[in-house]
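Participant: First, the structure itself, so that you have it in front of you.
Every read-out reported here was derived from the displayed coordinates using simple, explicitly stated rules and does not represent laboratory data. Please read all numbers here as calculations on a predicted model, not as lab measurements. Cβ atoms come from the backbone with ideal geometry, glycine included; neighbour counts cover every protein chain shown.
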Amino acid sequence: MLCIICREDKNNMSDEHVIPDSLGGYYHIFNVCRTCNSRMGEKVDSPLVNHKLTDLYRFAQEVKSKNGGIPNPFSGIFIEEGNPDAKARVNINKEGKLEVLYHPVIKVTEDSGVVQSIEIAVDSKDEGKIDGILRKILKRKGIPESAIIKGERRREIRTGGVGGRWEIDILKFKIGLLKIAYEFAVDSIPDFFSDADAIKISDILKNADYEGAKKYAKIDSDLQPGVFEPFVNYLDLTSRKHYLVLTPAKLGLLCLIKLHDLFSIGIVLSERKFLDFTETIIGVNDIDGRDFRKLRILDLIKECMGPVHTRFCYYFRDEYEKTKGESEVNSPTYRYEGNDKAEISLYKKNGERYPFLAHQLLERSSCQSRKDGNWQIHEFWFDETQEYYVKSVGSGNLHRVIALEMSQEQIRKV
Ligand SMILES: [Zn+2]
């Protein structure tokens, strides 16, 4: 089987997580060889997975790793402001809260080689450790415990903040996102794999070429504005989900990646577009639902919309007809021949039936679309030179119609 990274025929395929496991990814593919998989884990996934922002995100969202651990984004040594001797660690306690723990500070004052005083400062949580530390110092200095003439304990409240330095990588993590985009595209668009850019990208991933990856990863500002816009109406960006979108753009084939609240990036995968906008593919990775699924944009929109409501616009010749007609069509028991899908029979004035139904007329009508809150409204205006009538089921009366309004309410996001 051909590995999509090294492009060699291999027989040791692996279970490749397109979105890393530790980010709650549930998208698996099986056409990456074991060698490439483990090399990418180390060099391609790792700058993304171990990124400081990823640590913070996983900490805030409590995304556990395979062994159940949540990273401590505050690992390392912190120093108290204005007091460089006071070093501290920031731990995550059992309740998942952060707590600052000071390192013990030991000061031994000597005068001509004779110990005058020993000062031990510990965090209040470590108070029980003082005696042990003192005993060790005495032993090291060869001083018997009986030599201590005066002992004193003091409590001090520290109000100053502690600070540390973070190195934030702004280059390497992009290769991890490029990998996600590339694998999603290869898995979703059959022709993409043999594209010239796709060949270059697999090379970049294989060699962990961080500089090369930079060229393909464009952060918001580099993209045409509003590129995410068509999707935000239908994707629930506040839920605990990751989204991948493959769509054509001015620059070519674009993969938008939104890893929940963590990273949002656009990857230009190829100068070729490969898809029409209506063929846009969306991947939804639900962290809580533990699954990944793909759908086309039209299906996405369909899933978000409620049932279609149809309503005719009637035409009455004069006041007399209007009064009579409206009293019938506005009555709650009024029904015309046909169904909700606009498969409605149309008649001529003389009662003869047209050989087509209302929905077949829509293609030949002029359409006006608008949005009203969550409602998507399409008005189809019929050819004015023709007269179309609908027949009341109850009375058999014909009523002239000049337009059909179809409206749909958006009731959810995916
Ligand atoms: Zn390979």
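Participant: With springs connecting C-alpha atoms under 10 Å apart, model the chain as a Gaussian network and identify which of ILE377, ILE297, ILE157 has the largest mean-square fluctuation.
Facilitator: ILE157
Participant: Which residues does a label at GLU62 reach in region 84-103, if reach means a backbone N under 11 Å from a point 7 Å past the Cα toward the Cβ?
Facilitator: Answer for region 84-103: 95-97.
Participant: Within region 10-29, whose backbone N sits under 16 Å from a point 7 Å along Cα→Cβ of THR35?
Facilitator: Under cut-off, by backbone N: 10-14.
Participant: How do 133-141, 11-19 rank on mean C-beta neighbours within 10 Å, highest first?
Facilitator: Details: 133-141: 12.9, 11-19: 17.6.
Per-residue Cβ counts within 10 Å, averaged per peptide and sorted highest first, yield 11-19, 133-141.
Participant: Oh, and also: Quick one: helix 319-329 against the long Cα principal axis of the chain, what's the angle to the nearest 10°, folded into 0 to 90?
Facilitator: Helix 319-329 sits roughly 50 degrees off the main axis of the chain.
Participant: Now, a different point. Using only Cα atoms, locate the centre of region 234-271 and the centre of region 44-61, then give the distance between them in Å, rounded to an integer.
Facilitator: Between the Cα centre of region 234-271 and that of region 44-61, the gap is 18 Å.
Participant: Considering the options TYR334, GLY351, VAL401, tell which one lies farthest towards the positive end of the dipole of region 304-410, charges being +1 on Lys and Arg and -1 on Asp and Glu at the Cβ, about the Cα centre.
Facilitator: Positive-most Cα among the choices belongs to GLY351.
Participant: Sticking with this structure for a sec: What is the chain's relative contact order, in percent, from Cα pairs under 8 angstrom and six or more apart in sequence?
Facilitator: Details: 692 pairs, mean separation 48.8, N = 414.
Over the chain, the number comes to 12 percent.
Participant: Let me ask another. If you place +1 on the Cβ of every Lys and Arg, -1 on the Cβ of every Asp and Glu, and leave all else neutral, what size is the dipole of the chain about its Cα centre, to the nearest 20 Debye? Could you put the intermediate results ahead of the total?
Facilitator: Details: 62 positive and 64 negative charges, 253 e Å.
Using only the charged Cβ atoms, the result is roughly 1220 debye.
Participant: Further question: What's the angle, to the nearest 10 degrees (0 to 90), between helix 173-188's Cα axis and the longest principal axis of the chain?
Facilitator: The answer is roughly 30 degrees.
Participant: I need the calculated FRET efficiency for the pair ASP261 and LYS107, taking r as the beta carbon distance and R₀ as 51 Å, to the nearest 0.05. Working shown, then result.
Facilitator: Details: r = 45 Å, r/R0 = 0.88.
My answer for the efficiency is 0.70.
Participant: Relative to a virtual label point 7 Å from the Cα of ILE143 in the Cα→beta-carbon direction, which members of region 104-130 show backbone nitrogen distances below 15 Å?
Facilitator: 106-121
Participant: Taking R0 as 45 Å, what FRET efficiency do you get between SER331 and ASP288 from their Cβ-Cβ distance, rounded to the nearest 0.05? Let's see the in-between values first.
Facilitator: On the way: r = 48 Å, r/R0 = 1.07.
The computed FRET efficiency comes out at 0.40.
Participant: Which of LYS214, LYS302 has the fewest other C-beta atoms within 10 Å, and how do the rest follow up to the most? Write down the numbers at each step before the final one.
Facilitator: Values: LYS214 16, LYS302 12.
So the ranking, lowest neighbour count to highest, is LYS302, LYS214.
Participant: Note the full-extension length gain between ARG317 and GLU211 as 0.36 nm times their separation in residues minus their Cα-Cα distance, in nm to one decimal. Could the numbers behind the result be given before it?
Facilitator: On the way: separation 106, 0.36 × 106 = 38.16 nm, distance 7.29 nm.
Going from the current span to full extension adds 30.9 nm.
Participant: Holding the Cα-Cα limit at 26 Å, pick out from LYS43/LYS64; LYS97/LYS129; LYS302/LYS322; LYS215/LYS273; LYS214/LYS273; LYS206/LYS250 the pairs that are longer than that.
Facilitator: Details: LYS43/LYS64 21 Å; LYS97/LYS129 23 Å; LYS302/LYS322 37 Å; LYS215/LYS273 17 Å; LYS214/LYS273 20 Å; LYS206/LYS250 28 Å.
The pairs that break the limit, which is 26 Å between Cα atoms, are LYS302/LYS322; LYS206/LYS250.
Participant: Further question on the same structure: Could you give the angle, 0 to 90 degrees to the nearest 10, between helix 52-61's Cα long axis and the longest principal axis of the Cα atoms of the chain?
Facilitator: Roughly 70 degrees, rounded to the nearest 10.
Participant: Follow-up question, since we're still on this one. Quick one: order ASP126, ASP195 by neighbouring beta-carbon count within 10 Å, fewest to most. Mind showing how you got there, number by number?
Facilitator: Working: ASP126 16, ASP195 20.
By the 10 Å Cβ count, ascending: ASP126, ASP195.
Participant: Give me the number: length gained by fully extending ASN233 to LYS302, i.e. 0.36 nm times residue separation minus the C-alpha to C-alpha distance, one decimal in nm. Walk me through the intermediate numbers first.
Facilitator: Working: separation 69, 0.36 × 69 = 24.84 nm, distance 1.26 nm.
Gain on extension, ASN233 to LYS302, equals 23.6 nm.
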